[in-house]
Amino acid sequence: MLFPSPPTTAGYTVEDWLKLPTTGERIELIDGSFIASPMPAYVHAIATSRLVGALDDALPRSLEVVAAGNVAVGDDGLIPDIVIGHAEAMLKGPVALSASDVVCVAEVVSPGKVNRDRDYTIKPPKYAAAGIPVFIRVDLEGGDAPRVEIFNLGEQGYELVAEAKAGTVLTLDQPFPVSFDPAVLTGPRSR
C-alpha cells in the first residue's frame, strides 16, 4: 500500500490513521509514520486466540476482549494483539478506542528484531504514558516459551508483577482474576 505524503512535517495524525482503507495488513501509526505489518504467523494467531479465550472466560460483565483492536494512544494509533476495554465503550462500535476506555492490552511477540523491539521497547512505554493499567506480553521464543509477563502501571511506568513459563500456573488479579498455564497458548489442543 502506498501512503500519500504526510500532511505536516510532524507526520501523520490519528485522524489520518482512522481514514485508512481496510486492507489485509495491520497498519499502525507510530511517531507520525505508518508502519505496515503482514498478518501474523499462525502460531502467533493461535496463541492470541487461545489467550483471548482464557481471558474471555474470566471477564466480568463490565469488560469485553477482542483480538487486534485499534487504540488511540496519545498521538499514536496502535493495534495491540489483544484489547480489554470497558464494554459500554466497545459496544458503541467505534473504529478505535480511546486509551481511557482500555484496561489491558497484550502483545504476542512476533519473531524478528524489528517486531521484538516494537513489543519490548517501543509500544509498552506508549501504553503506560496513555494510562493503560495492565500490559501483558507473551513471548513465543526461547527455552521457556511460551512465557507470559504481566505488568501493572506504576509511577514510573510498567512494573513486572507476575510471570510464568509453560508448565506453571500464572495467577493474576488485575484487571480481573484469572489463572492459566502458558502452555495452553501453543502446541496441540488439550481438548
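The values are calculated or read from the model by the stated rules, or taken from the named source; none is laboratory data. The model shown is predicted, which means the values in this text are computed figures rather than measured ones. As a convention, Cβ positions derive from the backbone with ideal geometry for all residues, glycine included, and neighbour counts pool all protein chains shown.
Just to verify a result, which residue in segment 9-49, among those that are in contact with a Phe, Trp or Tyr (Cβ under 9 Å, 6 or more places away or on another chain) and part of a helix (DSSP H, G or I), is nearest to Cys104 (Cα to Cα)?
Trp17
I'm checking my understanding of the structure. Among residues of segment 13-32 that are of a type in the set (Ser, Thr, Tyr) and free of Cβ contacts under 8 Å to residues at least 40 places away in the same chain, which one is surrounded by the fewest Cβ atoms within 10 Å (Cβ to Cβ)? Outline the logic, then answer.
Start the filter on segment 13-32 by keeping residues that are of a type in the set (Ser, Thr, Tyr), which leaves 13, 22-23.
Narrowing the set further to residues that are free of Cβ contacts under 8 Å to residues at least 40 places away in the same chain leaves 22-23.
Details: Thr22: 7, Thr23: 9.
Among those residues, the one meeting the criterion is Thr22.
Can you run down the residue pairs with Cβ atoms below 7 Å, 6 or more apart or on separate chains, where the first is in segment 89-101 and polar (S, T, N, Q) and the partner is surrounded by 13 or more Cβ atoms within 10 Å (Cβ to Cβ)?
Listed by first residue and then by second, the contacts come to Ser98/Ala72.
Using the structure shown, decide if Lys123 is among the basic types (Lys, Arg) and more than 16 Å from the chain's Cα centre (by Cα).
Numbers: among the basic types (Lys, Arg): yes; more than 16 Å from the chain's Cα centre (by Cα): no.
So Lys123 does not fit the description; no.
Can you tell me which residue is surrounded by the fewest Cβ atoms within 10 Å (Cβ to Cβ) among those in segment 96-112 that are modelled with pLDDT under 95 and aliphatic (A, V, I, L, M)? Working first, answer last.
If we filter segment 96-112 for residues that are modelled with pLDDT under 95, which is where we start, we get 96, 109-112.
Within this subset, residues satisfying the condition of being aliphatic (A, V, I, L, M) are 96, 109.
Working: Ala96: 17, Val109: 22.
Taking the candidates together, the pick is Ala96.
Could you please find all residues in segment 100-127 being charged (D, E, K, R) and not in a helix (DSSP H, G or I)?
Going residue by residue through segment 100-127, those that are charged (D, E, K, R) are 101, 107, 113, 116-119, 123, 126.
Passing the criteria: only Glu107.
Count, please, the residues in segment 62-99 that happen to be hydrophobic (A, V, I, L, M, F, W, C) and assigned to a loop (DSSP other than H, G, I, E, B). Spell out the reasoning first.
We begin by selecting, within segment 62-99, every residue hydrophobic (A, V, I, L, M, F, W, C); these are 63, 65-68, 71-73, 78-79, 82-84, 87, 89-91, 95-97, 99.
Okay, now just the ones that are also assigned to a loop (DSSP other than H, G, I, E, B), so 68, 79, 91, 95.
The qualifying residues number 4.
Within segment 33-49, is even one residue crowded, with 17+ Cβ neighbours inside 10 Å, within 15 Å of the chain's Cα centre (by Cα) and among the hydrophobic types (A, V, I, L, M, F, W, C)?
Yes, segment 33-49 has at least one match.
Which of the residues spanning segment 138-170 are free of Cβ contacts under 8 Å to residues at least 12 places away in the same chain, assigned to a loop (DSSP other than H, G, I, E, B) and at negative phi?
Hits for segment 138-170 are Gly143, Glu155, Gln156.
Out of Asn115, Asn152, I need the residue that is surrounded by 13 or more Cβ atoms within 10 Å (Cβ to Cβ), under 19 Å from Leu29 (Cβ atoms) and out of contact with any helix residue (DSSP H, G or I) (no Cβ under 7 Å at 6 or more places or on another chain). Which one?
On the way: Asn152 fails: under 19 Å from Leu29 (Cβ atoms).
Exactly one of Asn115, Asn152 is surrounded by 13 or more Cβ atoms within 10 Å (Cβ to Cβ), under 19 Å from Leu29 (Cβ atoms) and out of contact with any helix residue (DSSP H, G or I) (no Cβ under 7 Å at 6 or more places or on another chain), namely Asn115.
If you check Gly77 against the conditions, is it exposed (fewer than 15 other Cβ atoms within 10 Å of the Cβ) and of a type in the set (Gly, Ala, Ser)?
Numbers: exposed (fewer than 15 other Cβ atoms within 10 Å of the Cβ): no; of a type in the set (Gly, Ala, Ser): yes.
It is false that Gly77 is exposed (fewer than 15 other Cβ atoms within 10 Å of the Cβ) and of a type in the set (Gly, Ala, Ser).
For Arg61, which of the numbered conditions (1) modelled with pLDDT of 95 or more; (2) surrounded by 10 or more Cβ atoms within 10 Å (Cβ to Cβ); (3) over 19 Å from the mean Cα position of the chain (by Cα) fails to hold?
Tallying (1) modelled with pLDDT of 95 or more; (2) surrounded by 10 or more Cβ atoms within 10 Å (Cβ to Cβ); (3) over 19 Å from the mean Cα position of the chain (by Cα), Arg61 fails exactly one: (2).
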